[in-house]
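*Asks:* So that we are looking at the same thing, I have put the structure below in structure tokens.
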Ligand code: ALA
């Protein structure tokens, strides 16, 4: 503890301890959003969701999940522009709904971003291994699987998390530039896929369109909702954005709109070029295009998928560090988490610590089954944000709102209902795990957060 205190007092950690660098533009934010949104959802989950849940109607699942996300995104845009803060939904809840609700949402966001980064890094490892195998090399099995799966450690998953933590530590502009280049790769890959797939569509593949009925479409939507998660991470960049009141709504809504169009196109084409029954494989988009005889395109799609997964991990880890930063600045978590390095202007300590923890989890746990926890956590945050818009319009009608959710309270209510509908379609075991996570959070709050809170969050 003494060492910690001394470290905390050193010059390195003193000047402008809690101030981040304001340098992100609207295009940085749109790319940040696309970076966080397009990843395992479209490149991996679409296959299993089409094959086992929705059939060719997976496109409707995407439309449905897109609606739920749009209502939530509009509410996020309103609160981010009028309240601001690096803590996203946590900060809005603090300003409008009080400390305990804010804590619960903050804890919930830690689950979303932490577990999200972790599960996507495990998927990343699988994809990279496929590519390494395809070019004739092999990583020994014990370095690809965690002990629960008969291996020693998942080294690639650990490696990517550590590498991305280092990039995040360098500075937010550096991270945004790195993100922009990998987003470009994935967008090119998607464009190439669309260009090739359009020539191979056979309408017979769309029949029967809804083999599992409407129920299949809805449970498919609850699963592919994962593909939309990430636009909310844009709101964690509020304190690092130039003119956030205008640019954050642009970043959130712009990135979601672009990705929704891409998802509808890709899922429609994917089920049009092959029978949905063939899609339950690890890399459905790349494999389908390979089966059509397009080796080069399949390689480009695989590269795009790896780029996609990389940017998702990067932005989720970015979001996680900013949530920790905001909660710590309000006293709910130890003060060291909010210390900003004077040179890089990034919360270096918490980036390193969370990077280390995520790397360990990714290396030693089989987290794939826990991915649905990310969905339930995110849906809970979305519902709170929609509710926050209705509540704040009522309690603080004069609050300056540079962006307003249209048709309020109708749209926020539709957001609550659609997210709630997706939530109740998640498996019982996911609910149980989520409740256990929240109980652990309440214990931490009552043992630490409540007595250390400094009330700053109320003034956000
Ligand atoms: N939306 C992100 C993905 O699909 C989480 O990987």
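Where a number appears in this text, it was derived from the coordinates with a stated rule and is not lab data. Since the model is a prediction, treat every value here as computed from it, not as a measurement. All Cβ positions, even for glycine, are placed from backbone atoms using ideal geometry, and neighbour counts span all protein chains on display.
*Asks:* Could you give the nm distance between label points at residue 101 and residue 242, where each point is 7 Å from its Cα heading toward the beta carbon?
*Replies:* In this crude spin-label approximation the distance works out to 3.6 nm.
*Asks:* Hey, with R₀ at 41 Å, roughly what FRET efficiency would residue 399 and residue 341 work out to, going by the Cβ-Cβ distance, to 0.05?
*Replies:* Once the sixth-power term is evaluated, E becomes 0.75.
*Asks:* Relative to 2.2 N^0.38 Å, what does the C-alpha radius of gyration of the chain come to as a ratio? Two decimals please.
*Replies:* Its radius of gyration relative to the 2.2 N^0.38 Å reference: 0.94.
*Asks:* Still on this structure, please answer the following. For the range 399-460, just say rounded, prolate or oblate: build the C-alpha gyration tensor, square-root its eigenvalues into a ≥ b ≥ c, call rounded for a/c under 1.5, and beyond that prolate if a/b exceeds b/c, oblate if not.
*Replies:* oblate
*Asks:* Length gain on complete extension for the stretch residue 360 to residue 292, per 0.36 nm per residue less the alpha carbon to alpha carbon distance?
*Replies:* Taking residue 360 through residue 292 to full extension adds about 20.6 nm, to one decimal.
*Asks:* Cα axis of helix 371-395 to longest principal axis of the chain: angle in degrees, 0 to 90, nearest 10?
*Replies:* Tilt of helix 371-395: around 50 degrees.
*Asks:* Most exposed first by the Cβ proxy, i.e. fewest other Cβ within 10 Å, how do 405, 46, 70 rank?
*Replies:* By the 10 Å Cβ count, ascending, the order reads 70, 405, 46.
*Asks:* What angle do you read, to the nearest 10 degrees and between 0 and 90, between the alpha-carbon axis of helix 172-197 and the longest principal axis of the chain?
*Replies:* 20 degrees
*Asks:* May I pose another question? Just to verify a number: FRET efficiency for residue 282 and residue 21, C-beta to C-beta distance, R0 = 51 Å, to 0.05?
*Replies:* 0.85
*Asks:* Further, regarding this structure: For residue 63 and residue 439, compute 0.36 nm times the residue count separating them, minus their Cα-Cα distance, and round to one decimal in nm.
*Replies:* Computed gain between residue 63 and residue 439 is 132.0 nm.
*Asks:* Let me ask something additional. Can you compute the helix-only [θ] at 222 nm over the chain? Use -39500 (n - 2.57) per DSSP H run of at least 4 residues, normalise by all residues, nearest 500 deg cm²/dmol.
*Replies:* Calculated mean residue ellipticity at 222 nm is -22000 deg cm²/dmol.
*Asks:* Based on the alpha-carbon gyration tensor of the range 313-460 and its eigenvalue square roots a ≥ b ≥ c, which shape applies: rounded if a/c is under 1.5, prolate if not and a/b is larger than b/c, or oblate?
*Replies:* The shape class here is oblate.
*Asks:* Another question about this same structure. Could you give the angle, 0 to 90 degrees to the nearest 10, between helix 348-364's Cα long axis and the longest principal axis of the Cα atoms of the chain?
*Replies:* Approximately 40 degrees, to the nearest ten.
*Asks:* Can you give the FRET efficiency to the nearest 0.05 for residue 142 and residue 353, using r as the Cβ-Cβ distance and R₀ = 25 Å?
*Replies:* 0.35
*Asks:* Stretched out fully, how many nm does the piece from residue 184 to residue 130 gain, at 0.36 nm a residue minus the Cα gap?
*Replies:* Contour length minus the Cα-Cα distance gives 17.2 nm.
*Asks:* Arranged by the count of other C-beta atoms within 10 angstrom, fewest first, what order do 445, 407 take?
*Replies:* 407, 445
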